[in-house]
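The values are calculated or read from the model by the stated rules, or taken from the named source; none is laboratory data. Keep in mind that what you see is a predicted model, and the values were worked out from it rather than measured. When we count neighbours, we look across all protein chains shown, and the Cβ atoms used for this are built from the backbone with ideal geometry, even at glycine. Remember, those area values only see protein heavy atoms, side chains included, never the ligands or the DNA or RNA. Shrake-Rupley method; radii C 1.70, N 1.55, O 1.52, S 1.80 Å.
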Amino acid sequence: RPSWKMMWARQSAASVSSAPGRGAMGLASGAPRSSSSCPHASAKAPKSMCTSAASVRKPASRLQCLQDNIDLPPQDRTTMMAELAGVSPEMVTPGVLLITRRTGADSAGAEGARLNLALRAFLESKAAHFREAVYVLTEIRPARERGDGSDAVLGVNLSRRLEAAPELSCLKGAISEANLRRYSQRGVEVLWMNGGPVEPRTVTAMCCIQSLPQERRNELLARSPSVWSLGCTSPSTDSSEDEVFVFCGAMDGILSLAAEEASHSRRTATALVWAGFAQWSRAQLLGEMARGSWGWCRAESTDIPEATRAILQPHGEAFWNGLRHSSRLAWAPDNEVARDFEARFARPHVPVAAPDPQAEDARALVQQFEALLRGSSEAQVLRARAASLGERAEVLGLTSTTRRRSAPPAPA
């Protein structure tokens, strides 16, 4: 059964629709409602129902005036993060170097020594991708339906080498073992790298071309549409003969370029081949740059050869050490996002009183886990591990032999 309030509302609506020049709830130009127009005026109707329309109408007109005068679209996340980082969103292109701020001191350290070895290795395998790392951006892909709406940014790590070569038949985009042997006979050396945590069995390759003539280089690029130039800048040199061109793309096309370079220069050409890569959205990467996690600069053509030489050294982080304090790097200025991130996630420095006995075992387990994840067989991992342990055992054996020879004879 309808209440008196519902009956009053129906009668009011009917009377308003029949009366010309009246607005909603029987109001004419904001004038107060007359009690005679209400058929139930004698009833104790709440005053709020009769006066609410008049009180709401006037502020609504003021709000409409503000909306007519101010028509500013909201700022998207990509633009906001770019302004905080002090860069343009269009700066994120292939050929940009990203240098992480995180050092080896940010590892588990004393806290990790109390963890189970397998759990510690699992955590280290996730964090090691972005510790003492130098990434070069290789590709920009269109945005997908899922995500924040910005395009995808891909990059590979220049500072992590795979301990064991992966099984080529398990990799996406790799050539066959027979073709790899043919390229090796033509003077191409392949260095297998750990590209990043995303799609660990997807292959990306890169090589540097210096001696190959431009006509032959353009001809080879026309045959391999899946190979492109990174557009690295050239350092100031007096001779154009020293100019180095960096190309990235499919493994077959890159090794073909490297073989032509080796044939023309009459020396071994090195190709870097990554299993896996890192991926960000443009807004995500700009946000990490704004909070101070990455420094950046434009890659020079000499950076890739320097990274290759550093990889072959015992300490692969030499390339990162040489770049992190370079004047080429740009860092985000002080901003609210960086201060908030530092306050939330800064870890207190815990001094390590004694050497970590599990550090070497955890590192070896991480290398084995990464190699198996990228298609290396267990035999390959064990052979690589045995070679590494053999070198250590040889050093330790010489040391222990020296100690035994220098030790005084035991008493009878």
>> I need a count of the residues in the range 113-127 that are in contact (Cβ under 8 Å) with a residue 40 or more places away in the chain and open to solvent by 20 Å² or more (accessible area, probe 1.4 Å).
In response: 6
>> Need pairs with beta-carbon distance below 8 Å; first residue closer than 21 Å to A118 by Cα and within the range 343-372, second modelled with pLDDT under 80 and open to solvent by 80 Å² or more (accessible area, probe 1.4 Å); sequence gap 6+ or separate chains.
In response: L372/E378
>> Being more than 31 Å from the chain's Cα centre (by Cα), under 23 Å from R309 (Cβ atoms), part of a helix (DSSP H, G or I) and modelled with pLDDT under 95: is that true of E215 here?
In response: no
> Restricting the range 160-176 to residues that are open to solvent by less than 20 Å² (accessible area, probe 1.4 Å) and touching a strand residue (DSSP E or B) at 6+ places or on another chain (Cβ under 6 Å), which is farthest from N194 (Cα to Cα)?
Replying inline: L171
> R160 fails exactly one of the following numbered conditions: (1) under 18 Å from A318 (Cβ atoms); (2) of a type outside the set (D, E); (3) over 18 Å from the mean Cα position of the chain (by Cα). What is the number of that condition?
Replying inline: (3)
> From G295, G287, which residue is of a type in the set (G, A, S) and buried (at least 22 other Cβ atoms within 10 Å of the Cβ)?
Replying inline: G287
> Mind checking whether some residue in the range 247-262 is under 22 Å from I175 (Cα atoms), in a strand (DSSP E or B) and among the β-branched types (V, I, T)?
Replying inline: no
>> I'd like the full set of residues that are crowded, with 18+ Cβ neighbours inside 10 Å, among the aliphatic types (A, V, I, L, M) and part of a loop (DSSP other than H, G, I, E, B), limited to the range 300-341.
In response: A332
> Which ones in the range 180-212 are surrounded by 15 or more Cβ atoms within 10 Å (Cβ to Cβ) and in a helix (DSSP H, G or I)?
Replying inline: L180, Y183
> Just to be sure, is P348 out of contact with any His (no Cβ under 9 Å at 6 or more places or on another chain), modelled with pLDDT of 65 or more and open to solvent by 60 Å² or more (accessible area, probe 1.4 Å)?
Replying inline: no
